[in-house]
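Nothing in this text is a laboratory measurement; each read-out follows from the coordinates by a stated rule. What you see is a predicted model; the values in this text were computed from it and never measured. Cβ atoms come from the backbone with ideal geometry, glycine included; neighbour counts cover every protein chain shown.
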Amino acid sequence: MVDDADAAIAFYRRAFGAREDFRLEAPNGGILHAEISIGPSVLMLGDAGADEAGASTWAAPAALGGRTTVTLHIFVPDVDGLAERAVAAGAELLQPPTDMFHGDRTAIVKDPHGHLWVLLTHVEDVSEEELRSRLAAAG
């Protein structure tokens, strides 16, 4: 959920190359339900409070003091390029692209609507044994 789904969709287009596939507007003018595609992934979003039934249970990060209970993970061919594109579109870079112990190059951005995106490019396959060893070595 977001406070301004129309603006969020526009941001996701600029930042991640999202395509809007479906939109259902509520009688109050908000977006009750929208579907966007980023690569092969489909995400659903809407305006918090666009429908009275959801107003009491759905909240955007701003209503939670800027905190979020969800991270969105997407695998992409070029994490460096997408992180740069997201920042240029208005995202906040929380972790620059970094080669991680689990075999993925990873960046973390916070979108203007408060959601955290973990952007990953797979670099190498890592066995469970090697994963545990690398994690222990990282401290």
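According to the Cα-based calculation, Rg over Rh for the chain is 1.04, with Rh computed by the Kirkwood formula. The helix-only estimate of mean residue ellipticity at 222 nm for the chain, built from DSSP H runs of length n ≥ 4 each weighted as -39500 (n - 2.57), is -8000 deg cm²/dmol after division by the residue total.
Charged side chains reduced to their Cβ positions (Lys and Arg at +1, Asp and Glu at -1) give the chain a dipole of some 240 debye around its Cα centre.
If R0 is taken as 30 Å, the Cβ-Cβ distance between ALA137 and ALA88 corresponds to a FRET efficiency of 0.30.
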